[in-house]
Each structure stands twice: as structure tokens, then as C-alpha cells.
């Protein structure tokens, strides 16, 4: 081989290596980052169930969320169950089940304002005997209007150590919404 | 580092051919000294090994110089005995200096001018440099060794005018003159780094151990390095590959007490000469380099931060082959890192953030008693690969080189998710770069310069396949980016003057494949931008003590994909960010003036700059909440304004006594939103740093104080006129969540010792204590200032063994 061809050969080989390193790629594993589009509150009393919904079907931003006003009877006992859904998926992704399996790191908090609107009593416990709030009892007060804040606190363990302590403090909000409530 | 830079300037001043006069350092004639010694040698191009004709070689102390002849040979005669610095210099090359002792033993040797003791043979290998009229700061040798083990951003803080934008203590982005991310161009071994630099929590994907020299070019440097270098350029350069058969190497071992971080980095290099039995000189050189880093939870003065560990594994391989007038080199590097994100910084919405701010100290669950190396969620997992192939051909008219690069950047951001699901934010970026450069030999004996063509092709994948994205709610959409540029830079050197000018044309074509919100079909957006940039600068040396540099440069940058299309919650930042598809490119015009003064005891530099940016793109708060199911988030829009960044970088070194010196650095910056007549948000505070250094033989002891002022220049009003005042809720701190933290003062101390073992082996050991008094402080440019204090006392032990 002629000496002058050596660099040229080198160049050709390097170019070949360079080009052969390209390939078609695809990202398949990516799903949306645990999107929640809807929260449903089911109030049951005397065999009838009323459902009120907070829905943001296009996710964060875009169109404003649709919030239904909660209408309840005064001085009545209700069973309250909550449903959390991602309705942008087909079939609809029921996040309630995921929360139920991970009770130990989730806590629902219901805060009426004014506080005289209703009283909430937790109806379920996790393995360490802390409240969860997937189901519970609501006792409404006298006729009034106000707001009901619904929060889902995600309190995952830190380096294997559980962080849930029964209070709202640790963790972060997965859900934090305000319903208008009217008690008649 | 500064000192190094000054030496460089001294050299510039003392060239007799430039008409400078001897002002200092002249040896007095001494009775008992013999002055028949001489120094001779050859000046060679470091790469091609070809002799350099017309290079100036001078003895610094004597201000005595000669030019090399047609064979690159020089000889300086009639020198007295003593310690001298020999400098080689020619336009277009970097100065090289060597120190040598011309000794004299007994009296009978007086006349023996040819004696070994009197003769020194120094072959100077010069390296090319690119720019002469812009201010450069370099980190190398001892100054670089002192930063070993730190991230690139942290290391560059040594340079005045450079700060960092941090996310905790492990993620640091370099900030030059108040600007960062896409406005700071990083050249890793000659290839522009293309990672996920758009994100404020995305640190440069580079192992600083690859570099033997890190240079920061402050100010717009669009013409030579790429149109988007608005704030400056950071260049990481390894040493030239060896061409001798000797095997050399280096081992660095570092331990940081805070986080019990252990770092080991090694280099092994060698070469072969004349592998073919031919008259043509040819050689082969190689280098293997690798770094392992492992660190656990770090501590602030009062508490430990959960999940702040880091792990890194990096390596690089390089080889070159030289034959006659060809040089081919290949470089491959891989950078892998896994960085834990402080668990207490994970927030759901603005009320979580407000709670965290109210608490001041993180909850006990986030500040564990027990130390661990384990990295849990959330964390970042990043890989960056670089393959570079460069071929250079030397011919009588100049050098022609072709550089090809391929980079693959793979970033995973793993959040705290329900059911330990492996749903992640993925970013895959593949980039191909090319540059064809021609550096011509002097024309008419005074005009030197270069011209080049550059090209870049890039594909970003975050969902589905490139042209078929699957989801609409990705942080940045899939895109295909093509840019091409054409440039020419020429310079004239005449006596005390050096004048440099150049221009560049760039074109960008961007294809964005995305599913707009609420629709099902893929939309293709095509964006085209083109622009011209220019540079004009001058260097003037009226005498040996002063040097003035002035430069006017432009640069432009088209809006990046995140600025155009962001639309969603930025977790961790607790903000709702919305891009703007109508953003036009920003154009910067940077004016700078640098004055250097050198005398025997004082070396100082003052750098003044004024950077006007038309249509400066930034994220500005709207002051109103964006309502989501996770709660309310403060809303931010990407918008444009006319901005002005102006400031002063001052640095000075005073030799107080023979062994004691004081180094002082001060940086002042004022960034103003000219359209809205208020300061810009997130601009680094002014800093003043002083180091007292004691040097005795091979021992150095230093004490440093860093004083960081409070940033008083923060925006005070919401700039969006069409947002009704009734909707604005977050207006207290001009849209920020908390006021800037107070000023702070830190003390660092260091002691280092060099040992020479045997023939060429050296061992350097140093102990450095940062934050000596374990002060509690927070920095305005650390995003974690809302949640936690900065890192506490940190003792670093460093050992470097070279063989």
C-alpha cells in the first residue's frame, strides 16, 4: 500500500465507524407522569348516591377544569367514598386502586370551610393504623354554603423509612382541589 | 489560575521586536558572575513537529530575544548565570515558557562556555490559539488541581465573573456574566457539547478530569465558536497526545468528608514512533482515562439532607496517528451519572412550597441521622457519549482540518411515583457535528486567520418515534434540528497593535413533531432562522506594563424548543411554565474593554463589559395561579425583552513579601430589563474573594475569604400588561416565592505539598477545608434555597501521583 494512502484509509474507516453508529430509535416506555384528570366524590345516604366531580380532561393547563358544586342535605349522615381517575386513557385508568394498594403512603384530607359545614370521620386504616380516607363518614351541619378542600398527600418512604405519620405534613400533594359546597 | 494568566500577559509585553523597553527584571552586572552562557534550541509545532520560522524566543528576565531561522533554530548568547524563564512566541500560537537554571560551579569553568552547565537546549513546542482580543481566563496546573473532584460548574467558580446556578449541591451549571444554559457554549475537546443544556437542573454532562486546561472566554464569541455563544465559551482541552514510547500516567485520589465522597481518576498514556520503517516520520499516541465517583448524603451545618448522593463512572479513550503532514485523531468519551435529588424538595404545588418556606428547616424525615450512600427517588440518571474524529492536513498554504463529532445524550428523570412504577421523563438527544477549518499561513507577512464551515444535525426523542410522537404532555416535543454556519476571522499584527475582525453566517432549520394539547393528530411545525454575526477587536500594548484589549462582538440565538413549546407543570420548581411559539431570535451585542497591568509586585486585570440583548428570552412570572388538579401553581410565561448585562470583573495579585501574596477578585453585575425598567430575575449577586497565600519551596498554604453580597436588584412588578390586577396573587417578591437570602461570608483554607520521587515521578498532596467555620447560608442562585441550607464544612484530601 502506498504510504500516502494510509491517512486516507484511516479517514474512510473512521467515517464508516461514524456512520454505522447511527440507528433508528424509539421511546416506548414513556407514559404521562401519573396524570390525574378527575376526582369523584360519592355521597351515599339512605340508598341513594350523589356524585360530584372535579374534571380537567386535558390535564394541567389548557382548558380550565370543570368543578361541580356539592349539594347536600343539612344534618344528614353520608358515607363518602372517593374516586381518582385518569380519564385521558382508554380504558380509563383507575388510580383509586393504586392508592388502595399503597395505603401506607397516602392520606386523604377533607377540610370544610367554614368548619361548621360538616364533620368528616375516617372509615379506613392502613397497616400502621393511620387514617387513609378512601372511605369515611360525613355528617353535615346546618344549612350553609362554603368550600370543601380535598387533598391527597403522597407520603412515600425516604430511604426505606416510612414517612407517613398520620399528619398532613410529610410528602407532597397529588390532589389539591376546592369544591363549592351548598348544604340545604 | 489568575497568576498563570498574568504570566501570559507579562510575556506579551516583553517582546523586544514590538518596541517595548526594559522596565524591570534587568540583571545588574555582577562581578562574580560569568556571562558566557547561551541557550539554543528549535521551535516546533506541537502537532506536526515541523519547525516554526520567525518565532520569537526571549528570556523574560533579561528582555533579550531572537527570532528563529528557516529551520526553527534559535540561539541566545552572552547570558549570565542565573534562573531564567525562556519564552517562545509567534502570532497564532500560544506562548510557552520554560524555567531553567544556568549554573556555574568552579572558577576554572569560567571560559568554558560550551560546558554543559552553561548550555541549555530547549525545544519549544507551541500550540495554536484562536483568539487574541477577547478576555480569556484559564484554569490549569495547580489551580485546576485544587478543583479536582468538583463538578465543572463548581470548578469554574474560581474565575471572576463565573458563578453557578445550582439545584442542591450536586447539580451546578456555569453562569458567565449572569447568563447560563443555552447562552454558554461548552467545547469539550473541540466539539460543542450538545446535551440537555436547556434545563436549569441539567448540569453539563462532562467529566472535568478529561481536561488539563479549562479556558473561559467571557462575552459574546459567536463568530468562531457558534452563533449562540452569547455569554461566553468554556473550552475543555486535554493535553496533546504523547509521541514517545514512554508510558506516562497520573492517578488522582480524592476524599471529601462531607458526603464521604470518594473519587479516583487515572490516566495512562504512551505512544509509538516510526511503526513503519520508512523515511516518513510517523507516530502513534494513545491515552486511556477513567473516573469513579461515589458520594452519599451531604450535610449542612445543622442537619443531613436525605437522598443527596451521587455516583459517576466516566471514561475516555483517545489515539492519534501522525504521518508526514497528516494528523488523525480519535476521541471517545462516556459520562455516566446518577444524582439523588433532595427528598425534601419534592413538592406537589405552591401550598407545599409555602409550607416548606414557613418551616425554614426541612422536616425530620428529610434530615436523617444516619448516613447512607443509597440513592433513592427522585433521581437523575444521565449518560453522555462523545465520539470525535479529527483529520488535519498541513500544506504550504496552511492547515486544513475536518472534525466530525457524534454525541448521544440519554437523560432519565425518575420521580417519586405511585406503586414504584418506572414511568420516567426520558430525553434522548443525538447530535452530529462537523467542522471544516482552514487556517492560512500569513499573507503579506501580516494577515493571519482562518475560515470554516460548520454543520450540525440533531434529533431529540421524548415520545414515540421521531415523526410519530405518542403523547402530548411531554416537557419538550420531538424535534429535528439542522444548523449550518460559515465564518472567517482575520487578524493583523503591527508593532504594538493587533487587530482582529471576523463575521459569520448561520442558518437554522427546526422541525418539531408534536401533538398539540387536546388533539390526536401530529402537527409538524417548521421554523427557519438565519442571521449574521460579527466581531472586531484590538489589542494595544503601549509598554511592557500595560495591555489593553477591546472587543465588540455579536451573537444570536433562536428560541429553543422548551422556550417555544413548554406547557405544563415544572415539578420541583413548583411552577407552571408556558412557552411562546412566536418568539423571535435574540440578538446580543457585547462590548468589552480589558486592561492589564503588570509590574514586579502587582499583576492586575480589569474587565468591563456591556452586553445588550435584543429580544432576550426569559421566563417571567405572571403572578397568577394556574389551577390544576394537584392544586395551584404560579404561572410563568416565556417572553422577550430588551436586556442589558453590564459589569466589572476585577482581579489583582499583590506580592506583599517574597513568599506572601494576596489575590483579590471582585465581580459586579447589573442586569436590567430595559423594556420594563426593572432588574432581571435570578441574576448572581456580586462577589468579593480574597486569598492570602504563603509559598515556600514546594509548600503552599492559603486562606481564602469569599464574600457574597445580597442580591438587592430583583424585579418588583409583573410585566404582563394584559393580565388584570385582580388575578395577580403572587406579587410580593416580583413573582418569586421568597426574598433573596442575606449576604454571606465563607472561609476556606488549604495546604499543599509537592514531592519529587525518583526521576520523573511526582506526588502532590493537599488538604483543603471549605466553609471552615461551618457557616449557615443560602445562595440566591440555588433553587434549593427555598428548602435547605447550603453544604457545611467540607474537608478535601487530594493526592496526585504522576509517573
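Of the beta bridges DSSP finds with both residues in chain B, what % are antiparallel, to the nearest 5? Walk me through the intermediate numbers first.
Working: 331 of 346 bridges.
Here the share of antiparallel DSSP bridges comes out near 95 percent.
Mind listing the Cα extents of the protein assembly as shown along all three principal axes, in Å, largest one first?
Computed over the protein assembly as shown, the largest-to-smallest principal extents equal 120, 58, 53 Å.
State, to one decimal in nm, how far the label point of residue B:497 lies from the label point of residue B:720, with both points 7 Å from Cα in the Cβ direction.
5.3 nm
List the extent of the Cα atoms of region B:248-802 along each of their three principal axes, largest first, rounded to whole Å.
77, 55, 50
Taking a quarter of the surface of the convex hull around the Cα atoms of region B:231-312, what do you get in nm²?
9.1 nm²
Between helix B:350-359 and chain B, what is the angle of the helix's C-alpha long axis to the longest principal axis, kept within 0 to 90° and rounded to the nearest 10?
70 degrees
Post the alpha-carbon centroid distance, region B:299-346 to region B:431-495, in whole angstrom.
One Cα centre to the other: 24 Å.
Of all beta bridges DSSP finds with both residues in region A:34-183, what is the antiparallel percent, to the nearest 5?
Percentage antiparallel, nearest 5: 95.
Express the relative contact order of chain B as a whole percentage, based on alpha carbon pairs under 8 Å and six or more residues apart in sequence.
Working: 2261 pairs, mean separation 79.1, N = 803.
Worked out over chain B, it gives 10 percent.
Note down the Stokes-Einstein diffusion coefficient of region B:657-753 in µm²/s, whole number, using a Kirkwood radius over alpha carbon pairs, 25 °C, and 0.890 mPa s.
Translational diffusion coefficient: 147 µm²/s.
As a check on your grasp of the helix formula, calculate [θ] at 222 nm for chain B: sum -39500 (n - 2.57) over DSSP H runs of n ≥ 4, divide by the residue count, round to the nearest 500.
On the way: 6 runs with 41 residues, N = 803.
Value at 222 nm, helices only, nearest 500: -1500 deg cm²/dmol.
Quick one: angle between helix B:2-13 and the longest Cα principal axis of chain B, in degrees between 0 and 90, rounded to 10, please.
50 degrees
Express in whole angstrom the spacing between the alpha-carbon centres of region B:151-205 and region A:95-118.
First find each Cα centre; the distance between them is then 42 Å.
Mind running the shape call on region A:48-101? Use the C-alpha gyration tensor, a ≥ b ≥ c as the square roots of the eigenvalues: rounded below 1.5 for a/c, prolate if a/b tops b/c, oblate otherwise.
Values: a/c = 3.00, a/b = 1.43, b/c = 2.09.
Oblate shape, in that a/c is at least 1.5 and b/c is the bigger or equal ratio.
Take region B:711-791, drop everything but the C-alpha atoms, weight them equally and run the Debye formula without solvent; then report log10 I(q)/I(0) at 0.11, 0.17, 0.19 Å⁻¹ to two decimals.
The Cα Debye sum returns log10 ratios of -0.55, -0.83, -0.92.
Multiply the residue separation of residue B:69 and residue B:543 by 0.36 nm, subtract the distance between their alpha-carbon atoms, and state the gained length in nm to one decimal. Working shown, then result.
Working: separation 474, 0.36 × 474 = 170.64 nm, distance 2.66 nm.
Separation in residues times 0.36 nm, less the Cα-Cα distance, equals 168.0 nm.
Take the Cα radius of gyration of region B:191-342 and divide it by 2.2 N^0.38 Å, with N its residue count; two decimals is plenty.
1.32
Restricting attention to the alpha-carbon atoms of region B:540-611, what are Rg (one decimal) and Dmax (integer), both in Å?
Computed over the Cα atoms of region B:540-611, radius of gyration and Dmax are 21.2, 59 Å.
Using the 2.2 N^0.38 Å rule of thumb for compact globular proteins, work out how region A:34-183 stacks up: its C-alpha Rg over that value, please.
Working: Rg = 15.4 Å, N = 150, 2.2 N^0.38 = 14.8 Å.
Against the empirical 2.2 N^0.38 Å value, I get 1.05 for region A:34-183.
Take every Cα pair under 8 Å in region A:123-172 that's 6+ residues apart, average their separations, divide by the length, and report that relative contact order as a whole percent.
This gives 25 percent for region A:123-172.
Within 10 Å of each Cβ in peptide B:345-352, how many partner chain Cβ atoms are there on average? Round it to a whole number, please.
5
Cα gyration tensor of region B:501-638, axes a ≥ b ≥ c as square roots of the eigenvalues: rounded (a/c below 1.5), prolate (a/b > b/c) or oblate? All intermediate terms of the calculation are to be shown ahead of the outcome.
On the way: a/c = 4.47, a/b = 2.03, b/c = 2.21.
Verdict is oblate for region B:501-638.
For residue A:73 and residue A:182, compute 0.36 nm times the residue count separating them, minus their Cα-Cα distance, and round to one decimal in nm. Provide the component values of the computation, followed by the final result.
Working: separation 109, 0.36 × 109 = 39.24 nm, distance 0.86 nm.
Length gained, residue A:73 through residue A:182: 38.4 nm.
Taking only Cα atoms of region B:206-245, what ratio of Rg to Rh do you get with Rh as the Kirkwood inverse-distance radius?
1.14
Using a ≥ b ≥ c from the Cα gyration tensor of region B:193-264 (square roots of the eigenvalues), is it rounded, prolate or oblate, where a/c under 1.5 gives rounded and otherwise the larger of a/b and b/c decides, a/b for prolate? Intermediate results must be reported in sequence, preceding the final value.
On the way: a/c = 2.83, a/b = 1.29, b/c = 2.20.
Verdict is oblate for region B:193-264.
Explain nothing, just the number: relative contact order of region A:34-183, from Cα pairs under 8 Å at least 6 residues apart, as a whole percent.
On the way: 347 pairs, mean separation 34.8, N = 150.
Across region A:34-183, relative contact order equals 23 percent.
Along its principal axes, what span do the Cα atoms of region B:620-660 show, with the longest given first and each in whole Å?
68, 28, 12
Taken together, the values in this text are just the output of simple stated rules run on the coordinates, not laboratory data. Just so you know, these numbers come straight off a predicted model, no measurement behind them. Ideal geometry is used to build each Cβ from the backbone, glycine not excepted, and the neighbour counts take in all protein chains shown.
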